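Each remark here refers to the structure printed beneath this line.
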Amino acid sequence: MNKATTGPLHSAEPQQPVATGSTPTGPVVAVAQPLRRRPVRRAGSRTAWVMLLPALAVYIGFVIAPMLMGLQYSFYDWNGVGASTFVGLENYTRVLTDPVLLASILNAFTLIIFFTIIPITVGLILASLIRSMRQGPVSSIAQTILFLPQIVPLAAAGIAWAWMYADTGTVNQFLRAVGLEGITRSWLADYGTALPAVGLIGSWVLTGLCTVLLLTGIGKIDGSLYEAVRLDGAGWWREFFTVTLPGLRQEIAVLATLTIIAALSSFDIIYTSTQGGPGRATLVPGISIFRIGFTQSDVGLASAFGMVLMVLVLLVVLPIQRLSKVND
Amino acid sequence: MLCAENNCGTYLRRIADGISVVLKGFSRGKLHQIFASTIDKGVTMSSTPRPGSRRRSSIALAVITAAGFALAGCAPGSSGPGAQESADQASVDVNTELTSEEVTLTIADETGFPVTDELAKEFTKQHPNVTFEITRDTFQNLTANAPKLLAGENPPDLIRLPTIGDTARDGLLANLDPYAEAYGWDAWPESQLAPLRMNEEGTRGSGPLYQVGLGYSITGIYMNTAIAEKLGIDGPPQTMAELEDDLATAKAGGVLPIVAGDKDGVVNFVVQAAMNQYADKEEFLSWMFNEEGSTYATEGNIKGAELIRSWADAGYFPSDINAVDYFTFVTRFSEGEGLFAFNGNWEAANYQKALGDDVEFFLVPPAEEGGDHVAMGAANSFSVAAGSDELDTTTYFLDWIHSDPAARQIITDVTGASPGGDPSLEQPTVEEGSLIADALDMAAQIGEENGQVDFMSNTTAGIYAGAIIPESQLLVTSKITGDDFVSRVQEFYENEVGS
């Protein structure tokens, strides 16, 4: 039987976390099996191809072609409308030597602490706490509340948090109320606190997602393992490190992939809260690319920066895919 | 052949071509084989690596890349039919009679500027056969999308365009010279029109007229007179030294001397106001017009920037200045949170409403007693799309805005700006002693002293967000010197103009 599914696939292996966005390999793998059986391939695979065609066309038209066009643009000096000049690798040289652009890449990597490490750590703690709660209204309410920030559009979150971080905003009101007047400041206007403050908005949004996904993962861990470790007299910590954490490796890999991509390609939160300021303290590649491409109309340079960003994302994310599979 | 007229069309056609190639290939079975092998390698790529898979996957990649370049076909946007079109327009027939047919003009304007709505309403009242369709987007989005809108199949007839940038060179804007001649716009002050011209080298100040203003703005200082009285300040400062004295008095009296914000760059009204008083005006303008060999790093500009740094050191700006956006800045002055605010005539009506008689509006004083005033001012600039089907009607509308008494009154009532146009025409009526009346007087005085300069944020498309805002944020919080500020902005300018 030929199966020509077009959705994201789940092959024989249990988990194949696929890097979202940049390199979806969905449809390609889906037809793998029929093609391997060469003798009976002819007639059946033709039908498969026909059925595959609409998805393939959409995929080529909206993912592959624009990406290749971006690659092509990156070798030109072009304003997006008028005539273009081929400039070879000049745009790439500029991206890799301009201190302002390099600093924005560094900021994006700093955001990984807030977009990835904090949400996953907090998510792990919360998920194991919720697991130890009795199933019932309280645990489902806790889950719902934790997940709520996920449904707030990031742009709106950025604006709302910018108000809360303001001189007279909620954060400072709270600090004054508990006698910490000394450390109040305009958090987004301070060069030292702007980037962490923006990062924490990301933590707030992503913790819910991490918790819920990790909770689902915990549910799949064989209950007898917990029983066994309990019988051996293990406490909460022992149980966490021996059973829960190893059992969640796949989920953690998926979350790390998603959140690292969110950190490196962040745009909306920063665009609505600081626009890269003060100075360039919160400038990230997303903002730079938007400005270079659409404000300065330097489509070539913006495309080159986009390509560099894509490569960086892949360099960080692909090893995670590999790590999650080792020793399985 | 793949390089067609405009980009959108080209792109869709490439996709269509790509699909048809795939279809043809499919029927012949050739591409089928290629793709089949590609897919086979695809499997290899995503499962456990095995010997030789690296080579195969690179073949797959090569096939996909080659296919992509075949789709792309040619250099982006290399055909330039637009430039020809605009050249043709110079010899186009101009009809200054308004059409009697039913016509709908489209206008793309920014949000928060209702003046086009009011003008359209009045025009339709006078000429019922002409109706309007006005679309709005935020300033930033509109600026970013303008070239695409203008290059599209159905460009807006009239579009708010803060900087001409490459649009004129790419043939996207209608050359208004023939209309200017037909309507007698040569009676308008040339200093108003110069920034709206651009020559073939992309230098503003000369060449064909590509824009006109729906109102011509003027900037200055708003002073809260209630606070000033308490501090013993009895009137507007006459020199920069007096202004500095007033700032020191306010600081000593526990009042915020300058209400300002710099989250979105508005403090640059203060920065440039200081520069204007020390810089050579022509030199400064030639830089803003991107003349070859011009520079921002002049002695006067550095002196102005250093003055701002000393004001920052003295604590004349709010401590959270970099978190204050334009809206908060306006609100804070309206609520009486400080002595001075550097802003333009467009806020005159709002400030008047909030502060009543306790506010005054005047020009930034010159460095020396009795010197000429210099102030930023600019047209609220609109361009006509080269691809507009209604060039005659659109330009008739523009002429009407500058000459019809009702239209001129609307401009002043809604924007607080001078309607511009022929100076011999009667000025709109305004309430005696109001801030708008102040603004019109200031505009007239600057006209007389020939002291108008453009906003430095209009120098290039990217300079405001890319350099002026971030560097001024550092300057007003005493992180960099005035000299650093000027040289860093100049460096960015060279990069942008050079590329």
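The values are calculated or read from the model by the stated rules, or taken from the named source; none is laboratory data. Values in this document were obtained by computation on a predicted structure and should not be read as measured data. We place every Cβ from the backbone using ideal geometry, glycine too, and count neighbours over all the protein chains shown.
A few remarks follow.
- Among the residues of this structure, A:Arg42 does not count as one that is crowded, with 16+ Cβ neighbours inside 10 Å, more than 9 Å from chain B (Cβ to nearest Cβ) and modelled with pLDDT under 90.
- Evaluation of B:Ser191 against the conditions (1) in the same structural domain as B:Ile321 (by TED's automatic domain parsing); (2) surrounded by fewer than 20 Cβ atoms within 10 Å (Cβ to Cβ); (3) touching a strand residue (DSSP E or B) at 6+ places or on another chain (Cβ under 7 Å) shows that the sole unmet condition is (1).
- Wholly enclosed helices (runs of 4 or more DSSP H) of region B:395-491 bearing at least 1 residues closer than 29 Å to B:Ala120 by Cβ and out of contact with any Pro (no Cβ under 8 Å at 6 or more places or on another chain): B:405-415, B:435-449
- Of all residues in region B:294-339, those satisfying the criterion of being in contact with a Ser or Thr (Cβ under 9 Å, 6 or more places away or on another chain) and without any contact (Cβ under 8 Å) to a residue 40 or more places away in the chain are B:Ser294, B:Ser319, B:Asp320.
- Scope region B:119-158; condition more than 14 Å from chain A (Cβ to nearest Cβ) and assigned to a helix (DSSP H, G or I); matching residues: B:Leu119, B:Ala120, B:Lys121, B:Glu122, B:Phe123, B:Thr124, B:Lys125, B:Gln126
- Qualifying residue in region A:272-291 (condition: assigned to a loop (DSSP other than H, G, I, E, B) and more than 30 Å from B:Ala146 (Cα to Cα)): no
- Total residues in region A:47-93 satisfying the condition of being surrounded by fewer than 16 Cβ atoms within 10 Å (Cβ to Cβ), part of a helix (DSSP H, G or I) and among the polar types (S, T, N, Q): the figure is 2.
- Looking across region B:159-180 at every residue that is assigned to a strand (DSSP E or B) and under 12 Å from the mean Cα position of the chain (by Cα), the one that is surrounded by the fewest Cβ atoms within 10 Å (Cβ to Cβ) is identified as B:Arg160.
- Of the residues B:Glu390, B:Glu360, B:Glu369, B:Glu347, the single one that is under 30 Å from B:Glu101 (Cα atoms) and touching a residue at least 12 places away in the same chain (Cβ under 8 Å) is B:Glu390.
- Selected residue (only one of A:Glu239, A:Glu251 is under 30 Å from A:Ile218 (Cα atoms), at pLDDT below 90 and more than 14 Å from chain B (Cβ to nearest Cβ)): A:Glu239
- Complete set of residues in region A:217-235 that are loosely packed, with under 15 Cβ neighbours inside 10 Å and assigned to a helix (DSSP H, G or I): A:Gly219, A:Lys220, A:Gly223, A:Ser224, A:Glu227, A:Ala228, A:Arg230, A:Leu231
- Failed condition for A:Tyr226, given (1) aromatic (Phe, Trp, Tyr); (2) closer than 22 Å to A:Tyr165 by Cβ; (3) without any contact (Cβ under 8 Å) to a residue 24 or more places away in the chain; (4) more than 14 Å from chain B (Cβ to nearest Cβ): (2)
- Flag: B:Glu118 matches the condition of being farther than 25 Å from B:Asp454 by Cβ, touching a residue at least 40 places away in the same chain (Cβ under 8 Å) and assigned by TED's automatic domain parsing to the domain that holds B:Pro208.
- Scanning region A:248-275 for residues that are free of Cβ contacts under 8 Å to residues at least 60 places away in the same chain and under 19 Å from B:Ile469 (Cα atoms) gives A:Phe267, A:Gln275.
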